[in-house]
Structures are given as structure tokens and as C-alpha cells.
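Notes follow once the structure below has been shown.
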Amino acid sequence: MEYAVETFSLTKIFSDWWGRAKVYAVDNLNLQVRHNEVFGLLGPNGSGKTTTLKMLLGLLHPTKGKSLILGGEGTDPKINARIGFLPEESYLYRYLNARETLDFYGRLFGLPAKVRKMRIEALLDMVGLKAVANRAVGTFSKGMARRIGLAQALINDPDLLILDEPTTGLDPIGTRQIKDLILKLAERGKTILLCSHLLADVEDVCDRIAILYGGKIQTQGRVRELLQQTSKRQITTDAISDTAVEKIKQIVQDENAECEVASPMDKLETFFIRTVATAQQQAQPTSGAVSTTKIGDFLTEQKAVENILDKLVSAPISRRAAAESTATEKVAAAESTRPQADEQLLSKLTRSSEPSESQAVAREKIQTEPVEATTTGQEQVREDILDKLIGESDACRDQDKTEKPQAGDSGDA
Amino acid sequence: MHSIRAVAINTIKQALRMKVAVVFTILLLVLLPVLGFTATGDETLKGRLQTFVSYALSLTSFLLCLLTIIVSIYTVTSDIEQRQIYTVITKPIRRYQLMLGKLIGVIVLDVVLLCLFTAIIYTITIYMPKFTKASEQELIEANNVFFTARASLNVPEEDVSRQVANRYNELNTKGELPANVPRDEIIAQLTQQAQLARRAAVVGQPLLWEFKNVKPLSENLFIKFKYDVSVNPPDSQVWGRWFAGDYKFFQYGTQSKTPIYEKLHKHSVRDFHEIEIPAEVVPEDGHLAVAFVNDPQNNREVAIIFPPDGLEVLYKADSFTSNFIRVVLLILFRLIFLACLGTLASSFLSFPVAILFCFVVFFTASFSGFVLESFDFLGENIGAVYSYSLKWVIQLLPQFDKYNPSKFLIPAQLLTWSFLTKCALLMVCIKAFLIFIFSLVIFRYREIARITV
């Protein structure tokens, strides 16, 4: 169970009627998704992203190779109980209404009536469809159907969330919300595997990505490492006087480097969200989905053991960073600042009243900070304790996870 | 279990809300009462009842069969084609549970609709005598031959093999056997002759039949018969003297405690007729004899022959209501089989192909008796090919025509529990079950997702 998802030379060949190999949809794919990370599978249309997901979930049989998902087969109900899946389009029963749809999926998990009801209300609230909960899903717009699709993927409080093009058909606010949600879920210790060809989405949320083309991995790695231009530096300041700018230019020229000065642009996304937020504050009526920043409380937070761990380490580093740094490989120091960046970013986003500051700018700021000193020092102090405790907490978590589906069953019985 | 239940409920919702079932329901709800008023038959109450029940039950059974086929196929194929199955099958549910849930949903829907429609038919049937203001005589007739469940006792073909063998040897020793004719053929001819002789009576000659375990519930029983004649009388009618009573009295001449029935009747030839006999003639041990004498009033040349299925004794053995319930169960078995068949077809075929496949099977099964018989008339060479291929396949299908509901209710024939159990075992427990298992195996190993690159 080192990886949440692992494939071993997974291959899918689509053959024609005579059995001749026609298309290599997925070709010798070796993919590793670690626990508690947001992994993005990128690629142009027809590069094998969806085929890979379908093989993971047992909807297609691999021609060759195999895949493990949470340490088991994708067709095993015990494993399925811990997975949430959102297909590339929300395929829903048109004749059920939103609440019935979620109720149906809840029943498939054998959730007891009380829990089911509580979760359905929380999810409807979370995806902003409470007002239209009694309307047949067949009448929903694509974006609204997408929201219901997302809600059904979360109804079992999954450990692993597999999202196929999660933001297609959503308005920019919906897209932003889904991205926020993904970050929040990651914060709560979920593993998320998403595939998309919308690069902006992937860039905003993913820890690691793999780029597929022709069914093969062309490149993979940490988003930060792949994108960072180490040969350049960016400085962002408040509005300063022209003389100060001239001085800075002078300093740069002294270093024999070139310098450009311009006012940073807002992302269109940020601008759009701001506009709609203003309209919502004025309470203009809409028949569509409502934006919320709520998250279902049932979606489990990190475990108690891990909180103790945090206290012991007595440093404001998040558990995710800690787990990663000790997991398998030595991680670049820059990484441990990432969760802090997320928190900052999230807190800003959730306060819709002051959306003025561009989160892109916020991120860039953090990125340019010299980070080595802040975290490595803290870690070194307690590294021995940390190792020991993480070993224990991992064991605890595993135990807990295997017990969860059984508890659900007995509750129903 | 909870997931099977969830799928079953969803299937029923689908059938109702996608208006497939609703169309059929409304159609039947309109047609059944209309039939009640328009079915007149031969203008007698009995004719009305028989026509109504025959049409209404056949229609209900036929439409429910179509509905079952369509719903059972639609519910699986639409999930696959519209891909809702992606989100369902990735939940903690095994594939067999999904299929079982769908099947149970269809069967529950069938049970509910069948109960509804047969309740309507039953109510209309029961109240029809009041609506039509039938005369006293018509009421009695209806009670005797319709609102009842009559057991029928047939006369088995007598074993004449010893007699035939003797006759053959006799001819052989006399050297009278025809040359160039194989032995089997001569034996067959002799058997036919001997059996015919047992069923034929020249003028003045009596025939005696024996019936055991006759236990009539009502005050009368019926002899149903058909005459064939060697020479057609001018008015196509013949005289016959009928007797009924204690078998021992007829065979051994012992004193009978029960009265003996004796009456002369005149009936047309080559039609079925029934004569009513008081039940008091049946002795306590149920050992009944029926005798017939070719009456001397007939022309001397007229020999009366009873065809092989030409004589039955009918008596009330159960009530109309319980017979009706058993007939409804018979329809239900048919529906369960079709639901399993639809599941099988949808496990590997797309909607239109699966529908076509099921309709072919359904209609073949509906006429399987006829089809099987027709093989016997094929030429020897072609016949052999069919007997070893197609005949074998058709015998695997259930024989819907053999278990036809109208066959029992129209002549008020008793549908025994043993016959019903046999049907259940054969049609549901063996054939339907095997078909369903087969569909599970196919569905277990197929790829759910469509190929998209």
C-alpha cells in the first residue's frame, strides 16, 4: 500500500473485428499516485487518459499488465466503497430528482438512512443545488448535472477520488469551486487522481502531473519543478514611485541582467468571480446553481493521532508535508511551503467580500521567498520522533480504513 | 442485499417514469372494461363469459409479455448505452447483484401489474351475470360449464400389442401376409385396426369404459364425446343409448347401491357434445362405468366410432376462483421466464437486436407445439437434419402453447397443482434459472465501457 494507485505496464489495445491490433490506447503505462496527493493526468484528446481510468475501475479489461487501486482490484466492492468516481460526463438517471439520485447512490453503499439523509442534505448544500433538489435531473443544465455528479462521488466520504475532466461544462465560478474543493479535500487527507486537458485547472491544484501522449507517459513530476524557470526571478511590489523603479533597474543592470517593469494583470477568472459575487450580494434571482463555499462536514478530517503528531512536532507544518518528506524520497525543501500557500490562498478565497487580491500574485510571492531555512531547521530537530510516529500513525490509518466499510454494513443491517 | 434492493427500486421507478409501463397499463385499463361490454360470443351468458375471459386474458398475457421483454432489456441496455452504469458499477456492488436487482425489479413490476389486471378481469367476469340480466337457465348453464373447475378423465389408448402379435402369427402361418411389405408396417396397420375395433360399435353393439377416482363436488357430471361414423346418415345425426353407474354392476352384474343412468340421445356427428348426468350415480369408491350402445333405431350400416380423444368424463373438482388463481400463476411463470430471457439478451446485445432476439424466441415458444409437430411431416432427409439441430433447440424453449391460460378457463378445465408445479419446475426453476445464470456469466466478463479513443 505504498501507492494509492499503481499500474504495472498497463496496456490497452483496441483491435478491429478480425482481432488485428488497431489502436494502442494505453501503452505500457507505469503510473504511481502516492497517498494524499493530487495527481493530474494530462494529455490531448485521445491520449488515453479516460481509458486508463476505466481500466483502473474495471470498466475496461487491460490487454496486458495490471493495476492496483488502494492496494486492491478496481472491481472489488471493498475497494469501491472507498472510491469516489466522477466520469467524463455526469451520466445520471434522467427521471430521478437530485435528492433521489443521491439517495440511490447512498443506498448502493449501504449507508444507514440517518447518515444518508444527513449527507445528502450536506452535499446538496455544498454543490449549491438545494433549491432545485426536487427537480428531475434530466432538466438540469450540464454544469448542474456536473455538480450532482460530483456530489455522488463524495457521498461515501471516499479516500480516493477519481475525477475525469471535473470542470467541463462548469461556469468559471463552478470551476473555481471545484478546484477549491479539491484543495480542501486534499487538505483533509484524501488522494485525488484527476485527468484533464484544461491546463489552468491542473496547474492550480495538482501536486504532481503526468503528461500522456499516444498512451505513453511523456513526462511526469512535480508541477513546481516542471514549471519553475530557475534562470529567472520575479519581484512584485506595491505601487511604488518611478524613481524607485529606476533605482531597481539600475541595480539589475549592475548585475548584467535585463529587467521589465509592468503592472500585473488580474486573471480574467478572478475578475469574473468578483463580478458575480457582487451580483449575488445584491441578491439577484437565478434559477441555476448557487455558489457556496461550504464543504460537507462528514468528509472526514485528518485523524486524531496525526493531530497529536502535529503537536509533538510543534511546528506549523501541515501533516501532508511531513508525511511526504519522510515517505520515500528526499523532497525538495521548496515543497513544504506549498500547504502554507494553499491555506493562505483558501482563506482569501473563502472570504468573498474581499476578493481584490489576485491569488496568482499571492502564490508568486510565496514562490519567490527563500524557503530553505524556514522548514528544514524545524524538521531536523525532531526527525527521529517523526519517523517513529509516522510509522505508527500510518498503521493506525490503515486499520481504520479497513474497518470503515464494515461499520457501514453493520449499521444498515 | 441493500444494493440489490436499491437497484430493484430504481428499475421500477425507471419503468414507471420512463412511461414504458404506463402506456401498457393505460391501454389495458381502457381495453379490459370495453371488452367486458363488447364481447358477446353466441349471445348466451356462457358465450359472453367465455369470449370475454378468452380475449381479456390473452390480451393481458400478451401485453405483459411484451412489456416484460421491453422493460427487462431496456433497463440494462439503456444503463450501458447512456453510461449511467459507470457510476453504478464502480460503487460497492457486484455485477451479479446489479443484474439480480434489475431482474427482481422487473418481476415485482410484473406481479403488481398482473395482480391489478387479473383482478379487473375477475371482477368483470364475476359481475357479468348481473349486468346482462341473464335468464335462470343461462345462469345454470354458466355455473355448470364456466364458473367451475372440472377435472377431466380420458380414456387411455388400450394396449393391444398381444392381440396384434397373435394376429400377425396367425396370418403368418396361414401365409396371408402381403408380400414386399416390411414387418413393422404390417404391425402398425394391425395395431391401428385393433384399436379402431375397440372404439367402434356396429348397430346394437355396446362399448364400456372404466373411470377410477371420480369425486364430483357438485350435483352433476358430464360426458363429453364426439361421434365418427362409417356411413353418413341422411340428417348427419345418430341415436345413442348412454348408461352410467357402478362399474361392478356393469362388469360383474353385482347389486348396485347407487342408481343407474340410462337415456337415449340423438346427436349430430363430428361435433363435441356434452350430456349431463346426476352425480348420485357415482359409487362411493369412485369407480364409474360409462357405457354406450349403438341404438337399433340407426340405419343398419351405421357403425359409430369414437376418435382417440373422443370421450371424456368431466366433473367439478374445484372452484372457479382457485382455478383462476392458478391460471394467473401460470401467466406469471411465463413472465418470469421472459424477464430472464430479456436479461440474457441485454447482457450482450444492444437494445434493438436484443428486442428482436427475444421476440423471435417468444413467438417460437408460443407456437412450439405446432412447430415440433410440423417436423414430423418433413421429408426423411430434411427431417433428420432438423430433428438433430433445430428440434433440439426448440425443445429447450418453454412450450407456451401447452401452458396456455385460456386452454383451462374457457372449457372450465381444472388446472391441477401438480401440473402447475411441473410447469414451475420446468419453466422457472430450470429453464429461466439456467438462462439467468448464463446471462450473469456473460455480464461478469464483458467490458462495460464502450471503446473510445
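The values are calculated or read from the model by the stated rules, or taken from the named source; none is laboratory data. Worth saying up front: this structure is predicted, and the values here are computed from it rather than measured. Cβ sites come from the backbone with ideal geometry, for glycine too, and all protein chains shown count toward neighbours.
Of all residues in segment A:112-129, those being touching a residue at least 40 places away in the same chain (Cβ under 8 Å) and away from chain B (no Cβ under 13 Å) number 9.
Please go through segment A:13-56 and pick out each residue that is of a type in the set (S, T, N, Q) and either at pLDDT below 85 or in a loop (DSSP other than H, G, I, E, B) (or both).
Matches in segment A:13-56: A:15, A:30, A:36, A:45, A:47.
From the list B:162, B:198, B:167, the one residue that fits, being crowded, with 17+ Cβ neighbours inside 10 Å and basic (Lys, Arg), is B:167.
Of all the listed residues (B:433, B:400, B:419, B:443), the sole one being of a type in the set (Phe, Trp, Tyr), within 14 Å of chain A (Cβ to nearest Cβ) and surrounded by 14 or more Cβ atoms within 10 Å (Cβ to Cβ) is B:443. Out of curiosity, is residue B:90 under 19 Å from residue A:104 (Cβ atoms), touching a Phe, Trp or Tyr at 6+ places or on another chain (Cβ under 6 Å) and within 11 Å of chain A (Cβ to nearest Cβ)? Yes. Every condition in (1) more than 14 Å from every other protein chain (Cβ to nearest Cβ); (2) touching a strand residue (DSSP E or B) at 6+ places or on another chain (Cβ under 9 Å); (3) not aliphatic (A, V, I, L, M) holds for residue B:115 except the one numbered (2). Listed conditions (1) within 30 Å of residue B:353 (Cβ to Cβ); (2) at pLDDT 90 or above; (3) surrounded by fewer than 18 Cβ atoms within 10 Å (Cβ to Cβ) are all met by residue B:123, apart from (1).
So which residues in segment A:52-67 are in contact (Cβ under 8 Å) with a residue 40 or more places away in the chain, closer than 16 Å to residue B:445 by Cβ and more than 7 Å from chain B (Cβ to nearest Cβ), if there are any at all? A:55, A:62, A:63, listed by residue number. If you check residue A:325 against the conditions, is it loosely packed, with under 14 Cβ neighbours inside 10 Å and either at pLDDT 70 or above or of a type in the set (S, T, N, Q) (or both)? Considered against the rule, which asks whether it is loosely packed, with under 14 Cβ neighbours inside 10 Å and either at pLDDT 70 or above or of a type in the set (S, T, N, Q) (or both), residue A:325 comes out as no. Looking across B:187, B:223, one residue alone is among the hydrophobic types (A, V, I, L, M, F, W, C) and without any contact (Cβ under 8 Å) to a residue 24 or more places away in the chain. It is B:187. For segment A:184-227, the set of residues classified as at positive phi and in a loop (DSSP other than H, G, I, E, B) consists of A:189, A:214, A:215, listed by residue number.
Counted as qualifying within segment B:201-276 are the strands (runs of 3 or more DSSP E) with 2 or more residues that are of a type in the set (Phe, Trp, Tyr), namely B:206-211, B:220-226, B:237-246.
Restricting the first member to segment A:40-51 and to residues that are facing chain B (nearest Cβ under 8 Å), and the second to residues that are among the aromatic types (Phe, Trp, Tyr) and surrounded by fewer than 24 Cβ atoms within 10 Å (Cβ to Cβ), the beta-carbon pairs closer than 9 Å and six or more apart or on different chains are A:48/A:24; A:48/A:213; A:51/A:14. Right, residue A:249: basic (Lys, Arg), in the same structural domain as residue A:42 (by TED's automatic domain parsing) and surrounded by 11 or more Cβ atoms within 10 Å (Cβ to Cβ) or not? Considered against the rule, which asks whether it is basic (Lys, Arg), in the same structural domain as residue A:42 (by TED's automatic domain parsing) and surrounded by 11 or more Cβ atoms within 10 Å (Cβ to Cβ), residue A:249 comes out as no.
Within segment A:204-241, being among the β-branched types (Val, Ile, Thr) and farther than 22 Å from residue A:194 by Cβ holds for A:230, A:235, A:236, A:237, A:240.
Restricting attention to segment A:144-173, the residues that are in contact with an Asp or Glu (Cβ under 6 Å, 6 or more places away or on another chain) and either modelled with pLDDT of 90 or more or not hydroxyl-bearing (Ser, Thr, Tyr) (or both) add up to 3. Criterion applied to B:82, B:137, B:163 was being more than 31 Å from the chain's Cα centre (by Cα) and either among the aromatic types (Phe, Trp, Tyr) or more than 14 Å from chain A (Cβ to nearest Cβ) (or both), and the one residue passing it is B:163.
Scanning segment A:90-143 for residues that are more than 22 Å from residue A:178 (Cβ to Cβ) and among the aliphatic types (A, V, I, L, M) gives A:96, A:108, A:111, A:113, A:115, A:118, A:136.
Being assigned to a helix (DSSP H, G or I), modelled with pLDDT of 80 or more and not assigned by TED's automatic domain parsing to the domain that holds residue A:27 is not true of residue A:276. Taken together, the residues in segment A:67-91 that are in contact with a Leu (Cβ under 7 Å, 6 or more places away or on another chain), over 19 Å from residue B:85 (Cα atoms) and not in a loop (DSSP other than H, G, I, E, B) amount to 2. Scanning segment A:87-103 for residues that are over 14 Å from residue B:80 (Cα atoms), at the interface with another protein chain (Cβ under 9 Å from one of its Cβ atoms) and either surrounded by 24 or more Cβ atoms within 10 Å (Cβ to Cβ) or β-branched (Val, Ile, Thr) (or both) turns up nothing. The sole residue among A:14, A:8, A:109 that is within 8 Å of chain B (Cβ to nearest Cβ) and surrounded by fewer than 24 Cβ atoms within 10 Å (Cβ to Cβ) is A:14. From the list B:347, B:322, the one residue that fits, being in contact (Cβ under 8 Å) with a residue 60 or more places away in the chain, surrounded by fewer than 20 Cβ atoms within 10 Å (Cβ to Cβ) and assigned to a helix (DSSP H, G or I), is B:322.
Just to verify a result, which residue in segment A:23-34, among those that are in contact with a helix residue (DSSP H, G or I) (Cβ under 8 Å, 6 or more places away or on another chain) and surrounded by fewer than 22 Cβ atoms within 10 Å (Cβ to Cβ), is farthest from the other protein chains (Cβ to nearest Cβ)? That would be A:34.
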